Amino acid sequence: MADSQTQAAFADENLLSSFYLGREYDLASKAVLDQRVDYESKDLVTHGVVVGMTGSGKTGLCISLLEEAAIDGIPCIMIDPKGDLSNLLLQFPNLAPEDFRRWLNLDEAEQKGLSPDDFAKQLAERWKQGLLESGQTGERIRQLRAKSEYRIYTPGSEAGLPLSILQNFKAPRGNVLREDLNQKIDATAAALLGLTGLSADPVQSREHILIAQLLLNAWTKGCDLDLHQLIVQIQEPPVRQIGALDVDTFYKEKDRMKLAVALNNILAAPSFSTWLHGDPLDLASLLGVGGRTRQLIFSVAHLDDAQRMFFITLLLSEVLSWTRKQSGTSSLRAILYFDEVFGYLPPHPGNPPTKQPLMTLLKQARAFGVGVLLATQNPVDIDYKALSNAGTWFVGKLQTERDKARLLDGLQGAAAERGARADRASLEKTIASLGNRIFLLHNIHRGGEPKVFQTRWALSYLRGPMTREEISKLMDPVRQGQEPDPGVAHEPIAAQPAPVAPPAPVVASPLTSSPPTATPSVPSTAELAAGRAPAAPAAPPAPTVQVAPTPAARVAPAPSVPPTAAREGEAPAEPLPSPAPASSPVLQTTAAPLVLPPEMSQFYLLAKQPNPGGASLVYQCLLLGFGDVTAEDKKMGRTYTRAVRLLAPAPAEGQAVDWPKAETIEDAFDHHATADARWGPLPEELNTAKKLKALEKGFADYLAGLKVNVPANAALKMSCDSSESPDTFRARCQSIAWREFEKKLAAERQTYESEFKRYGVAVPADDPVDANAPWPDRWQQFLRGSPVRRTTPPATLSAKQKTELENLENEWHGARANAAESCKRAAEQISEMALTPKKSDIKVVRVGLAWTPFWLLSDTGDLIPAYR
């Protein structure tokens, strides 16, 4: 296991289309290896199965996989029968004890004999340590939050977001194959009858056949049905013949009335009123369009067995319908995750209404890029044919021999489906040796031997099943039009940057003449690229005043965090001077901003500096350039994308923008301007959308000359991640080097053991090393010049033997020093490599107006930058 200082290079980059799952594990030595385990997301298109008994770490692995999908912008549709998946919203990037305190299990704290506050501190430390040992930091949690938008739906309950299920049975839209239509009808009829406790056999059940015929009659005409209409039609069917029999012969009127009453009891029950309101079960709408990727959790832990079967059947039918409307692809478009599939996909002859749509998804969804991931404790209770459709297997510790046998059958079947073979004896031996958080990864796409790995630490706080009250607390902000924030509101989610794509800054509104109705939302990068921004109110015209400004002292910008983009041989850009020099004419300001057309993108920089005293705030119009520069380190097999945010003055007439002298700024934007501020003029060179558009080419040419500078350590074959500061990268290099030294020292000690044993003594012991000690202090006892470690020779040794032992001790001291100096030197060999981007990897996201705040000093007329 890695020591407490290890922040290894296992998750130091988000590999494109790859899920970081953990590190390889050696079963023989029971040791975690340095090799990270990445899973190609496209391999999940052929579906996956996760099996493991309680306590195997199955939930942690699945949540980690779902987190990776969210970071990569892949939507997940999650069925949660146990209530565990709501843990995905417990994301605390600061890893602060007070965040954990709000959500910890008080009973668990009591069982441990700890106060809630002490338990929260313990949890925070445990999460920091777990993330560190798997090469992660709180920055990955920020990335996860910045990329994903979670929704918890609770059908039949208003704890989460409600769903309208019984309100309307919508007819499928568009061209639908008759086979697909029949399948949806059978699933809907079976699910509905399951609520009444009646038989739902599609061939033998009169009730099922009648309801199926009524749905078929309505849907083939393009008509929707609600439950009330269905009850009426059962009493007075609009079809007069079913098969070769008239309807009254097939199903007598008084018997139909019993079915109608049974369904009416459902409709009339107060507990079912919550099934009639909420969002419709329409995946296209629930997944949304644009913005952050929507992650849907359908929590059904509060439902009884019949209600669960009813809802999950309808949901699976909707997933199947939505899947068939997508275009074909070999990439992973979405994931359907079923947290515990036991009882919903049983072996023959079991045939619940969920089985058919699940089997169809396993056979057909891969063509549309939809991967199905099934988790279970009991592989023996899963249909064998379903298991053979899975191309990826994650196998944890199992409880019974029957489970192992069924699992091995499934692995062999999956391999045979693709013309491969599986070594049953080897697999059986490996599975028998698995422990907690240790899984076997069997991926038929990658060939070779199956991998054994230890799962990475989950980014989300895994506190266990959540109550309806807790789910309600998580979804309260969503009901109010906000984003869920389980933490103690240290920073808004929108302010957290994404790992690769440029962060979504808050764009200032084009001004309109209508009054404000709501706080503008933060646009996504896609919205920035499209030039969309929320509307803000226009203020009435105000008289202008004249101010004679003088230049303010330059303020150095905060150093950017490597890796950075810079031109080769070019010095860092100086901060911009105040926009009006002393010799400039009198500056005109107004009390209200100009009203500009919406196609002119505007941004408000955040005023960070407090009022120096007696000053007024003035917004000056500068030019803002947003761009992405991507470069590849082919040797390391890594791709780096850096967001470029530059602030430049408007160009002189007929001149190009001087981008090399532009100022690099942080992503600190505001929703709107500060009240009571005054406004400088709009430069003529920036006063139309056409002029702004024309400036994009010059910005693109400037970006094309940039280099992406990445701190790297060639000796350790490591490079800095975008989420790391230089100090963090240096600490990670030190951790890796220290661990390498420990390995070398152990190997040397083993070599010298037999030599020292000849003299009846052991290899001299080292002093314990404090893992938290400063870097230089750790090495003191190992470097040359430190005292040689001596043993106490036995009295039986001769003088010659004592001299030989002393020489051996000196030799051992030198071997230790060689290993120490080699590893210490490797950690300190950090340099900067400059990567050259391809022209095709240069992207101009947006060139727009930047309303930049300055403090206008009343006594001197100086303008002091307020945005730095």
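The values are calculated or read from the model by the stated rules, or taken from the named source; none is laboratory data. No experiment lies behind these values; they were computed from the predicted model shown. Backbone-built Cβ (ideal geometry, glycine too); neighbour counts: all protein chains shown. Protein only, heavy atoms only, side chains kept; ligands, DNA and RNA dropped before computing areas. Shrake-Rupley method; radii C 1.70, N 1.55, O 1.52, S 1.80 Å.
Brief remarks on what is shown
- Answer residue from segment 778-834, given it is basic (Lys, Arg) and outside any loop (DSSP other than H, G, I, E, B) and is farthest from Ala731 (Cα to Cα) among those: Lys800
- Odd one out for Leu320 among (1) surrounded by 18 or more Cβ atoms within 10 Å (Cβ to Cβ); (2) outside any helix (DSSP H, G or I): (2)
- Options Ile185, Ile141, Ile209, Ile234; residue that is in contact with a strand residue (DSSP E or B) (Cβ under 7 Å, 6 or more places away or on another chain) and either modelled with pLDDT of 85 or more or part of a strand (DSSP E or B) (or both): Ile209
- Any chance Ser754 is surrounded by fewer than 16 Cβ atoms within 10 Å (Cβ to Cβ), in contact (Cβ under 8 Å) with a residue 60 or more places away in the chain, assigned to a helix (DSSP H, G or I) and over 37 Å from the mean Cα position of the chain (by Cα): no
- Among the residues of segment 379-404, the ones that are small (Gly, Ala, Ser), assigned to a loop (DSSP other than H, G, I, E, B), out of contact with any Asp or Glu (no Cβ under 9 Å at 6 or more places or on another chain) and closer than 25 Å to Gly369 by Cβ come to 1 in all.
- Qualifying residue in segment 402-414 (condition: touching a helix residue (DSSP H, G or I) at 6+ places or on another chain (Cβ under 8 Å), free of Cβ contacts under 8 Å to residues at least 24 places away in the same chain and among the charged types (D, E, K, R)): yes
- Residues of segment 775-789 that turn out to be open to solvent by 90 Å² or more (accessible area, probe 1.4 Å) and in contact with a helix residue (DSSP H, G or I) (Cβ under 6 Å, 6 or more places away or on another chain), as a count: 1
- If the condition is being farther than 14 Å from Lys82 by Cβ and under 28 Å from the mean Cα position of the chain (by Cα), then segment 298-312 contributes only Phe311.
- Among the residues of segment 835-865, those identified as under 18 Å from Arg638 (Cα atoms) and either buried (at least 16 other Cβ atoms within 10 Å of the Cβ) or of a type in the set (Phe, Trp, Tyr) (or both) are Leu835, Pro837, Asp841, Ile842.
- Looking across segment 233-279 at every residue that is over 20 Å from Val300 (Cβ atoms) and of a type in the set (S, T, N, Q), the one that is surrounded by the most Cβ atoms within 10 Å (Cβ to Cβ) is identified as Gln233.
- Condition met for Trp127 (in a loop (DSSP other than H, G, I, E, B), of a type outside the set (A, V, I, L, M) and within 24 Å of the chain's Cα centre (by Cα)): no
- Segment 640-656, residues that are open to solvent by 50 Å² or more (accessible area, probe 1.4 Å) and either of a type in the set (Ser, Thr, Tyr) or without any contact (Cβ under 8 Å) to a residue 40 or more places away in the chain (or both): Ala652, Glu653, Gly654, Gln655
- Unique residue being touching a residue at least 24 places away in the same chain (Cβ under 8 Å), more than 24 Å from Leu835 (Cβ to Cβ) and of a type in the set (Lys, Arg) when the list is Lys693, Lys717: Lys693
- Test: Ala191 is of a type in the set (A, V, I, L, M) and open to solvent by less than 10 Å² (accessible area, probe 1.4 Å): yes
- Which listed residue is free of Cβ contacts under 8 Å to residues at least 12 places away in the same chain and surrounded by fewer than 22 Cβ atoms within 10 Å (Cβ to Cβ), from Leu33, Leu27: Leu33
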